[in-house]
Structures are given as structure tokens and as C-alpha cells.
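K.L.:
Just dropping this structure here.
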Amino acid sequence: MFLVTGAAGKTGNAIIQALTAKGESVRALVFRHNQVALLNQLGVKEVVVGDMLNQELVNEAVADVRGIYHICPNMHPDEVAIGQLVVACAKSAGCERFVYHSVLHPQIQAMPHHWHKFLVEEHLLDSGLSCTILQPAAYMQNILANWHQILTDGIYSVPYAAKTRLSMVDLEDVSEAAIKVLREPGHEGATYELSGPDVLNQKEVAAILEEQLQRSVSVQEIGIEMWQEQAKNSGLGDYRIDTLSKMFRYYERYDFLGTPKALAALLGRTPGSFAEFVKRNL
Ligand SMILES: NC(=O)c1ccc[n+]([C@@H]2O[C@H](COP(=O)([O-])OP(=O)(O)OC[C@H]3O[C@@H](n4cnc5c(N)ncnc54)[C@H](OP(=O)(O)O)[C@@H]3O)[C@@H](O)[C@H]2O)c1
């Protein structure tokens, strides 16, 4: 049995689907009772419900598992404390394998949710657990949050300059690689950067959308203040707005680039391109 934390989010769902497709039994840690049914639909038999900062709950979650895939909730202010707790509980339970879902370039202090992951990585490496760290680029799937506007209005809006270049990765490729390192030997102590094959500026992203969707799509730079106002109106909390704003400013200033080499080696093929991702989601 494998434990997946952060199981009800988009990453958790994708990892669990990949694991259950291989016939693995999974225990899921979710935050709320109303998330249990979704996990059952994905083939999960055991679900532990509650706060990842609760030691008793985490001890219950890690008991008697073969391996742990730790996903911290996105932009959680207590990511370091959560990481330390999950690692400590894994250690006292005698867990054999620990995979941490980190992020591409965690060492960047200007982005707090990256820097927190860097501190968790350090703690994990110091723990003596048999661990592997995965560092995915931004998911292609993030664009689905704006899918309706893209399809109906032909507008792809971004809170940074259109010239900003990003590496992205298909979450399905991340999941395929993730379950390999969790289930197969030979990845102990490794850290892998997971990026897709394209490095695209936002005009190039719009051009691919245009070609695949067979309709005009133009980039709209909305500016950070406008984005913050929209995010607040949609109910996003202050910490997340602040953290995301720092990330967008970083992207605009420095770009955010990785290479597909490690992911290609893990998958044994070229990772999926953005064009292929769009085609699949039509
Ligand atoms: N999105 C990307 O492009 C990307 C790229 C690389 C790495 N990552 C990393 O991937 C990780 C997962 O992101 P995600 O968007 O899939 O996750 P997510 O949806 O934000 O969170 C996963 C789940 O954690 C739950 N949760 C929140 N607070 C909790 C708590 N205190 N205790 C237990 N569970 C709690 C959430 O429940 P509620 O929904 O009920 O709050 C949610 O179901 C993040 O660490 C992120 O930084 C993301």
C-alpha cells in the first residue's frame, strides 16, 4: 500500500489514477470529508481525513505503508512544518520509500512556496530516509483554469509580459514518472527536474492554441494589479495572492526554464508537447 498526501488536489488525483491503473492499493490523506467520495471513485480503498499538521492523523496515515508520495497543499504557509512532520512520522513508522513532490528551482527565495520546498528538501535529505525528490515545472493543466475564456472569447490572459518564456510539463507525464520512482528501485537519493520539451513565450502559447483550436487566440497582458483584483473577487486568500504575485513578477523578470532530459530518461520517450496537450483536451 502507498500513501498519497494532498490526495484530493489535481496533482494527488493524477498520481492516484496512475497508481490504481497499475493495480496498486492506495491510502489517501485528504482535508475534508466531502472529498472521500471522489477518492473512492478513483479506486482508493482507505482514506484518512484531516489536517496534515495533526501529528496523530499523520501517524495514522503513514502506518504500514510501503512508500509515501508527499504532496503539500499548494502555497500553504506551513509547508515547512508539514514537511518536517510527515518526514518525522515516516521515519518513526520505518517507511521504506519517500518521494517528495517539490518544484522546479526550489532554491529561489523570491518565490516563498519554492523556498519552502527547498527547506523541506534539505530536511528530507538530512533525515536518512530512502528518498527521491521530483521538481516539476508549471503544469500545462494550469491553463485549463482559463479554458472557457480561451474557447469562447479567444483571449489568453496572463499577469506578466507576453514575452515571458516558460517551460511547462504535462501532469500526466509527471504522474507516469512519479509512480516509476515510487515503485521501482534505483532512484534512492535522486533529484529529478521534470520539464516538457518546449520553452515558449506567451505569444507562442497563444499561437499553438490558435492552431489547435482552429480559432483566433490573442494574448492579453492583464497586469499584476488587475490580476490581484480579479483573484480577490474570486475568493482567493491574501497569502496566496501575495505568493502568486511574487511568482508572476519573478517569471516576468527572469523567465522560468528547465530541460526535458531527466523526464525523458525516466519515461523512456520524449515528454508530451504543449500542442499535444491541447489536442488531447479539445
Ligand atoms: N500547479 C503547478 O503547476 C505545480 C507545479 C509544480 C509543483 N506544484 C506543487 O504541487 C503541489 C500540489 O499542488 P495542487 O494544486 O495539486 O494541490 P492543491 O489542490 O492545492 O492541494 C492538495 C489538497 O490539499 C488539501 N489541503 C489543504 N490544506 C490542507 C491541510 N492543512 N491538511 C490536509 N490537506 C490539506 C486541499 O484541500 P482543499 O482543496 O479542501 O483546501 C487539496 O485537496 C503543491 O505543493 C504545488 O506547489 C504545482
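The values are calculated or read from the model by the stated rules, or taken from the named source; none is laboratory data. Remember, predicted model here, so these are calculated numbers, not experimental data. Every residue, glycine as well, gets a Cβ built from its backbone with ideal geometry; the counts of neighbours run over all protein chains shown. These area figures cover heavy atoms from the full protein model, side chains too; ligands, DNA and RNA do not enter into them. Shrake-Rupley method; radii C 1.70, N 1.55, O 1.52, S 1.80 Å.
K.L.:
Mind listing just one residue for me: the one in the range 62-77 that is near the ligand (Cβ under 10 Å from one of its atoms) and among the hydrophobic types (A, V, I, L, M, F, W, C) and, of those, surrounded by the fewest Cβ atoms within 10 Å (Cβ to Cβ)?
P.N.:
M75
K.L.:
Here's something else I'd like to know. Would you call S130 more than 9 Å from the ligand (Cβ to nearest atom) and more than 24 Å from V4 (Cα to Cα)?
P.N.:
So S130 does not fit the description; no.
K.L.:
Just give me the residues in the range 229-282 being touching a Ser or Thr at 6+ places or on another chain (Cβ under 6 Å), assigned to a loop (DSSP other than H, G, I, E, B) and either open to solvent by less than 30 Å² (accessible area, probe 1.4 Å) or free of Cβ contacts under 8 Å to residues at least 24 places away in the same chain (or both), in sequence order.
P.N.:
Passing the criteria: only G258.
K.L.:
Within the range 189-228, work out how many residues are open to solvent by 60 Å² or more (accessible area, probe 1.4 Å), touching a Gly at 6+ places or on another chain (Cβ under 9 Å) and not in a loop (DSSP other than H, G, I, E, B).
P.N.:
Looking only at that region, the number is 2.
K.L.:
Filter the range 126-145 down to residues that are within 17 Å of N201 (Cα to Cα) and open to solvent by 10 Å² or more (accessible area, probe 1.4 Å), then give me how many there are.
P.N.:
5
K.L.:
So, in the range 1-49, how many residues would count as being within 7 Å of the ligand (Cβ to nearest atom) and more than 19 Å from the chain's Cα centre (by Cα)?
P.N.:
Number of matching residues: 1.
K.L.:
What number of residues within the range 1-47 satisfy the criterion of being of a type in the set (D, E) and more than 15 Å from L57 (Cβ to Cβ)?
P.N.:
Selection size over the range 1-47: 1.
K.L.:
I need the full set of residues from the range 78-125 which are within 12 Å of the ligand (Cβ to nearest atom), among the hydroxyl-bearing types (S, T, Y) and within 16 Å of V65 (Cβ to Cβ), in order please.
P.N.:
Residue satisfying the conditions is Y100 alone.
K.L.:
Suppose the filter is at negative phi, surrounded by 23 or more Cβ atoms within 10 Å (Cβ to Cβ) and charged (D, E, K, R); does R27 pass it?
P.N.:
Taking the combined requirement at face value, the residue satisfies it.
K.L.:
Still on this structure, please answer the following. Given the criteria basic (K, R), open to solvent by 40 Å² or more (accessible area, probe 1.4 Å), more than 11 Å from the ligand (Cβ to nearest atom) and under 22 Å from the mean Cα position of the chain (by Cα), does K163 qualify?
P.N.:
Answer is no for this residue.
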